[in-house]
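The values are calculated or read from the model by the stated rules, or taken from the named source; none is laboratory data. Quick caveat: nothing in here was measured; it's all calculated off a predicted structure. So basically every Cβ, Gly included, is an ideal-geometry build from the backbone, and we count neighbours across all protein chains shown.
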Amino acid sequence: MSLLRLSEVEYTVENQKIIDQISFTLSQGEFLTLTGPSGGGKSTLLKLIATLLTPTAGTIYFEDNKQSDYEIATYRQQVSYCFQQPSLFGKTVYDNLSFPATVRNQDFNHQRAEELLQLVALPQNYLAKKITELSGGEKQRVALIRNIMFLPKVLLLDEVTVGLDEKSKRIVHNLIATLQKENITIIQVTHDPAEIHSASKILWLEKGKITNESISR
C-alpha cells in the first residue's frame with residue numbers, strides 16, 4: 001500500500017497552470033526532495049499535499065483514500081506542513097508546543113517537549129521563553145518540533161533552512177536525520193546545494209512539470 005500518491009494533479013489560477021499533471025508515489029519512510037528553478041511550483045505542490053490549496057484536477061491519495069474524503073483536521077494531524085517562515089502564536093514556547101495536545105484533547109507531555117527542545121539544542125527552560133525573545137533560527141526550531149510533538153506519517157518541509165545560519169542548519173539537518181530513523185515520510189523543498197547533493201530521491205520541477213525523473217543514490 002502506498003502512503004501518499006499523486007495522480008495527474010493540476011492547479012490552475014486564472015487560466016495559468018501552476019502545477020501540470022504531477023504524478024508520483026511515496027511509501028512509508030521515503031525522503032523526497034523537490035527542487036528546480038524559483039517559480040516552478042514546488043511550494044504550491046507542497047501546499048496541495050498539505051490541503052492548504054485544493055487541486056483543480058487530478059487526485060491526491062493518502063493511505064489509498066482520496067485526500068478529499070478526510071476531515072481536514074484529521075488529515076493534517078497525519079500530514080504535517082512546516083512553513084518557510086516560522087509561524088508562532090501565543091506568547092511563549094509553551095503555548096506553541098502545547099497546542100498539538102490541546103487540539104487532540106490530550107494532556108501536554110512535558111517530557112516529550114523537553115526532549116525535543118534538547119534535540120534541537122534549546123534548553124528545557126525555553127518552555128517559558130517569550131516568542132518575541134527568540135532568534136530566527138530558534139523560532140524555526142520551535143516551529144519544527146511543534147509539528148512533531150505527535151509524530152505525523154508525512155512531514156512537509158517548505159525551505160525550512162532558508163535564512164538560517166550554519167549552526168541552525170546543522171541542527172535542523174540532524175533533526176531530519178532523526179525523523180528518518182522514525183520511518184516518517186519526508187518531502188522537502190530546497191534550493192540548498194548541500195541538501196540537494198545529499199538527497200536520496202529528487203524530483204526537478206520547472207513550470208509546474210516534473211522535468212527530471214526521480215534520482216536514487
I'd like to verify a number: residues in segment 119-134 that are touching a helix residue (DSSP H, G or I) at 6+ places or on another chain (Cβ under 7 Å) and part of a helix (DSSP H, G or I), how many? 6
Gly36 versus (1) among the small types (Gly, Ala, Ser); (2) touching a Leu at 6+ places or on another chain (Cβ under 6 Å); (3) at pLDDT 95 or above: which is the lone unmet condition? (3)
Within segment 135-169, of all residues that are assigned to a loop (DSSP other than H, G, I, E, B) and among the acidic types (Asp, Glu), the one nearest to Ser27 (Cα to Cα) is Glu159
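Please find, among Gln180, Gln111, Gln106, the residue that is modelled with pLDDT of 95 or more, surrounded by fewer than 21 Cβ atoms within 10 Å (Cβ to Cβ) and in a helix (DSSP H, G or I). Full working, then the answer.
On the way: Gln180 fails: modelled with pLDDT of 95 or more; Gln106 fails: in a helix (DSSP H, G or I).
Testing whether each residue is modelled with pLDDT of 95 or more, surrounded by fewer than 21 Cβ atoms within 10 Å (Cβ to Cβ) and in a helix (DSSP H, G or I) leaves just Gln111.
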Check on His191, in a loop (DSSP other than H, G, I, E, B) and either in contact with a strand residue (DSSP E or B) (Cβ under 8 Å, 6 or more places away or on another chain) or more than 19 Å from Leu88 (Cα to Cα) (or both): yes
Any idea how many residues of segment 51-102 are assigned to a strand (DSSP E or B) and either exposed (fewer than 13 other Cβ atoms within 10 Å of the Cβ) or in contact (Cβ under 8 Å) with a residue 60 or more places away in the chain (or both)? 7
Unique match (being aliphatic (A, V, I, L, M) and farther than 23 Å from Leu52 by Cβ) among Ile186, Ile196: Ile196
So, of the residues in segment 1-23 that are exposed (fewer than 12 other Cβ atoms within 10 Å of the Cβ) and either among the β-branched types (Val, Ile, Thr) or touching a residue at least 60 places away in the same chain (Cβ under 8 Å) (or both), which turns out to be nearest to Thr211 (Cα to Cα)? Val13
